[in-house]
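The values are calculated or read from the model by the stated rules, or taken from the named source; none is laboratory data. Predicted, not measured: the structure shown is a model, and the values here were computed from it. No Cβ is skipped: glycine too gets one built from the backbone with ideal geometry, and neighbour counts run over all protein chains shown. We work out accessible area using only protein heavy atoms, side chains counted, and drop any ligands, DNA or RNA first. Shrake-Rupley method; radii C 1.70, N 1.55, O 1.52, S 1.80 Å.
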Amino acid sequence: MLGFYSEPDTFAGQGVSVRVDPQPEQGERPLQPSEEPVAAPAPANDESRHAGTVKWFDVTRGFGFLVDDGQAGDILIHFSVLQPHGRRSLPEGARLECLAVQRQRGLQATEILSIDLSTAIEPAPRPRAESDRVDPVAMLDEAGEFEAVAVKWFNRLKGYGFLVRGSDSADIFVHMETLRRAGLHEVEPDQRLRARIVDGRKGPLAVVVEQDD
(Lines give C-alpha, C1' and ligand atoms only; values in the text may rest on other atoms or scores of the structure.)
Protein backbone atom coordinates (compact mmCIF):
# COMPACT_ATOMS: atom_id res chain seq x y z
CA MET A 1 0.00 0.00 0.00
CA LEU A 2 1.29 3.46 -0.82
CA GLY A 3 1.82 5.90 2.03
CA PHE A 4 2.60 9.59 2.15
CA TYR A 5 5.70 11.42 3.22
CA SER A 6 5.04 14.99 4.30
CA GLU A 7 7.51 17.85 4.61
CA PRO A 8 7.05 20.34 7.51
CA ASP A 9 4.02 22.63 7.11
CA THR A 10 2.89 20.61 4.13
CA PHE A 11 0.27 22.25 1.93
CA ALA A 12 0.43 25.58 3.72
CA GLY A 13 2.00 26.80 0.53
CA GLN A 14 5.46 25.78 1.76
CA GLY A 15 5.74 22.07 1.01
CA VAL A 16 4.15 19.16 -0.75
CA SER A 17 3.13 15.57 -0.12
CA VAL A 18 5.13 12.90 -1.94
CA ARG A 19 4.11 9.31 -2.46
CA VAL A 20 6.61 6.70 -1.23
CA ASP A 21 6.48 2.95 -0.56
CA PRO A 22 7.04 2.35 3.15
CA GLN A 23 7.58 -1.41 2.60
CA PRO A 24 10.02 -1.96 -0.34
CA GLU A 25 10.53 -5.42 -1.75
CA GLN A 26 13.34 -7.49 -0.24
CA GLY A 27 16.73 -6.31 -1.54
CA GLU A 28 15.26 -3.10 -2.95
CA ARG A 29 16.63 0.24 -1.71
CA PRO A 30 13.86 2.33 -0.11
CA LEU A 31 13.00 5.44 -2.12
CA GLN A 32 13.95 8.62 -0.28
CA PRO A 33 11.30 11.39 -0.15
CA SER A 34 13.59 13.91 -1.83
CA GLU A 35 14.08 11.59 -4.81
CA GLU A 36 10.45 11.60 -5.98
CA PRO A 37 8.96 14.80 -7.44
CA VAL A 38 5.50 16.20 -6.93
CA ALA A 39 3.05 14.02 -8.80
CA ALA A 40 1.01 15.38 -11.68
CA PRO A 41 -2.72 15.53 -10.94
CA ALA A 42 -4.62 12.32 -11.66
CA PRO A 43 -7.98 12.43 -13.45
CA ALA A 44 -10.91 12.81 -11.07
CA ASN A 45 -14.67 13.22 -11.29
CA ASP A 46 -15.25 15.36 -8.19
CA GLU A 47 -13.90 18.57 -9.67
CA SER A 48 -14.87 22.01 -8.40
CA ARG A 49 -14.28 25.38 -10.01
CA HIS A 50 -12.05 27.95 -8.31
CA ALA A 51 -10.58 31.39 -8.95
CA GLY A 52 -7.71 32.98 -7.12
CA THR A 53 -4.28 34.57 -7.10
CA VAL A 54 -0.91 32.86 -7.47
CA LYS A 55 0.83 32.91 -4.09
CA TRP A 56 4.17 31.66 -5.39
CA PHE A 57 5.54 29.25 -7.98
CA ASP A 58 8.91 27.49 -7.80
CA VAL A 59 10.17 26.84 -11.33
CA THR A 60 12.90 24.48 -10.12
CA ARG A 61 10.56 22.27 -8.11
CA GLY A 62 7.78 22.51 -10.68
CA PHE A 63 4.86 23.55 -8.51
CA GLY A 64 3.30 26.44 -6.65
CA PHE A 65 0.13 27.53 -4.88
CA LEU A 66 -3.01 29.49 -5.67
CA VAL A 67 -4.88 31.38 -2.94
CA ASP A 68 -8.57 30.67 -3.50
CA ASP A 69 -10.93 33.67 -3.54
CA GLY A 70 -13.60 31.60 -1.81
CA GLN A 71 -11.42 30.86 1.20
CA ALA A 72 -11.07 27.20 0.26
CA GLY A 73 -7.39 27.39 1.15
CA ASP A 74 -4.29 27.00 -0.96
CA ILE A 75 -4.60 25.04 -4.20
CA LEU A 76 -1.59 23.12 -5.45
CA ILE A 77 -0.61 24.00 -9.04
CA HIS A 78 1.61 21.43 -10.74
CA PHE A 79 3.49 22.58 -13.85
CA SER A 80 1.86 19.85 -15.96
CA VAL A 81 -1.51 21.65 -15.90
CA LEU A 82 0.18 24.75 -17.34
CA GLN A 83 1.58 22.97 -20.40
CA PRO A 84 -1.64 23.24 -22.46
CA HIS A 85 -1.20 27.01 -22.12
CA GLY A 86 2.42 26.85 -23.30
CA ARG A 87 3.82 27.64 -19.84
CA ARG A 88 5.92 25.88 -17.21
CA SER A 89 5.64 28.54 -14.50
CA LEU A 90 3.50 31.42 -13.25
CA PRO A 91 4.46 34.81 -11.85
CA GLU A 92 3.34 35.84 -8.39
CA GLY A 93 0.06 37.75 -8.44
CA ALA A 94 -1.32 36.19 -11.63
CA ARG A 95 -5.06 35.47 -11.60
CA LEU A 96 -6.25 31.96 -12.44
CA GLU A 97 -9.47 30.06 -12.92
CA CYS A 98 -9.12 26.33 -12.54
CA LEU A 99 -10.78 23.02 -11.82
CA ALA A 100 -9.51 21.26 -8.70
CA VAL A 101 -10.10 18.09 -6.74
CA GLN A 102 -9.79 17.34 -3.06
CA ARG A 103 -6.78 15.18 -2.27
CA GLN A 104 -5.76 13.77 1.10
CA ARG A 105 -3.74 16.89 1.89
CA GLY A 106 -5.89 19.51 0.21
CA LEU A 107 -6.99 20.85 -3.17
CA GLN A 108 -4.97 20.26 -6.33
CA ALA A 109 -5.66 21.82 -9.72
CA THR A 110 -6.46 19.39 -12.52
CA GLU A 111 -7.11 21.92 -15.30
CA ILE A 112 -6.34 25.61 -15.79
CA LEU A 113 -9.29 27.38 -17.43
CA SER A 114 -7.83 30.88 -17.76
CA ILE A 115 -4.68 32.87 -16.92
CA ASP A 116 -4.70 36.65 -16.39
CA LEU A 117 -1.23 38.23 -16.09
CA SER A 118 -2.44 41.83 -15.80
CA THR A 119 -1.98 41.77 -12.01
CA ALA A 120 1.18 39.67 -12.01
CA ILE A 121 4.33 40.82 -10.27
CA GLU A 122 6.97 40.15 -12.88
CA PRO A 123 10.64 39.90 -11.84
CA ALA A 124 12.44 43.22 -12.13
CA PRO A 125 14.55 43.42 -15.31
CA ARG A 126 18.28 43.18 -14.81
CA PRO A 127 19.80 46.68 -14.91
CA ARG A 128 21.91 47.12 -18.00
CA ALA A 129 25.54 47.95 -17.58
CA GLU A 130 26.54 51.52 -18.33
CA SER A 131 28.56 50.37 -21.34
CA ASP A 132 25.41 48.82 -22.84
CA ARG A 133 23.78 52.24 -23.04
CA VAL A 134 26.48 53.84 -25.15
CA ASP A 135 25.06 54.89 -28.53
CA PRO A 136 27.93 55.41 -30.98
CA VAL A 137 25.62 57.17 -33.47
CA ALA A 138 24.79 59.84 -30.87
CA MET A 139 28.52 60.57 -30.50
CA LEU A 140 29.20 61.29 -34.17
CA ASP A 141 29.49 65.03 -33.59
CA GLU A 142 32.36 64.41 -31.18
CA ALA A 143 34.25 62.06 -33.50
CA GLY A 144 37.40 63.03 -35.35
CA GLU A 145 38.15 62.49 -39.02
CA PHE A 146 38.62 59.03 -40.49
CA GLU A 147 42.01 57.53 -39.69
CA ALA A 148 43.74 54.25 -40.48
CA VAL A 149 43.25 51.43 -37.96
CA ALA A 150 43.76 47.67 -37.86
CA VAL A 151 41.71 44.95 -36.17
CA LYS A 152 43.40 43.71 -33.00
CA TRP A 153 40.78 41.06 -32.27
CA PHE A 154 37.03 40.62 -32.57
CA ASN A 155 34.72 38.11 -30.85
CA ARG A 156 31.34 37.65 -32.52
CA LEU A 157 29.89 35.80 -29.52
CA LYS A 158 30.71 38.71 -27.23
CA GLY A 159 29.67 41.20 -29.89
CA TYR A 160 32.69 43.47 -29.68
CA GLY A 161 36.41 43.73 -30.23
CA PHE A 162 39.28 46.19 -30.42
CA LEU A 163 41.13 48.15 -33.07
CA VAL A 164 44.58 49.74 -32.94
CA ARG A 165 46.09 52.73 -34.73
CA GLY A 166 49.62 53.76 -35.43
CA SER A 167 49.52 57.07 -33.54
CA ASP A 168 49.34 55.41 -30.10
CA SER A 169 49.09 52.00 -28.44
CA ALA A 170 45.62 52.46 -26.91
CA ASP A 171 42.99 49.84 -27.75
CA ILE A 172 39.94 51.23 -29.56
CA PHE A 173 36.65 49.59 -28.65
CA VAL A 174 34.38 48.65 -31.55
CA HIS A 175 30.88 47.18 -31.24
CA MET A 176 29.37 44.64 -33.62
CA GLU A 177 26.58 47.06 -34.60
CA THR A 178 29.16 49.63 -35.70
CA LEU A 179 30.68 47.05 -38.04
CA ARG A 180 27.29 45.98 -39.34
CA ARG A 181 26.38 49.55 -40.26
CA ALA A 182 29.48 49.52 -42.45
CA GLY A 183 28.41 46.25 -44.08
CA LEU A 184 31.17 44.33 -42.30
CA HIS A 185 29.92 41.00 -40.95
CA GLU A 186 33.33 39.37 -40.57
CA VAL A 187 36.67 40.93 -39.66
CA GLU A 188 40.02 39.29 -39.09
CA PRO A 189 43.04 40.25 -36.96
CA ASP A 190 45.30 42.78 -38.72
CA GLN A 191 42.56 43.63 -41.24
CA ARG A 192 42.97 47.26 -42.33
CA LEU A 193 40.03 49.62 -41.76
CA ARG A 194 39.32 53.32 -41.36
CA ALA A 195 37.49 54.64 -38.33
CA ARG A 196 36.19 57.80 -36.71
CA ILE A 197 37.05 57.71 -33.02
CA VAL A 198 35.87 59.50 -29.88
CA ASP A 199 37.19 59.48 -26.33
CA GLY A 200 34.62 57.38 -24.51
CA ARG A 201 34.10 56.97 -20.80
CA LYS A 202 36.35 53.91 -20.72
CA GLY A 203 38.71 54.88 -23.52
CA PRO A 204 38.79 55.35 -27.29
CA LEU A 205 35.62 54.22 -29.08
CA ALA A 206 35.07 53.71 -32.81
CA VAL A 207 31.70 55.22 -33.77
CA VAL A 208 32.01 54.75 -37.55
CA VAL A 209 34.16 52.33 -39.53
CA GLU A 210 34.67 51.64 -43.21
CA GLN A 211 36.82 49.40 -45.33
CA ASP A 212 40.24 50.71 -46.20
CA ASP A 213 40.40 51.00 -49.97
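The table that follows gives values for the structure above.
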{"read-out": "Selected residue (criterion: modelled with the lowest pLDDT) from residues of the range 116-147 that are of a type in the set (S, T, N, Q) and open to solvent by less than 80 Å² (accessible area, probe 1.4 Å)", "value": "Ser131"}
{"read-out": "Matching option when the condition is of a type in the set (Gly, Ala, Ser) and at pLDDT below 90, among Ala195, Ala150", "value": "Ala195"}
{"read-out": "Cβ-Cβ under 7 Å pairs, at least 6 apart or on other chains, the range 178-189 side surrounded by 15 or more Cβ atoms within 10 Å (Cβ to Cβ), far side in a loop (DSSP other than H, G, I, E, B)", "value": "Leu179/Val187"}
{"read-out": "Tally of residues being open to solvent by 20 Å² or more (accessible area, probe 1.4 Å) and in contact with a Leu (Cβ under 6 Å, 6 or more places away or on another chain) across the range 196-213", "value": "1"}
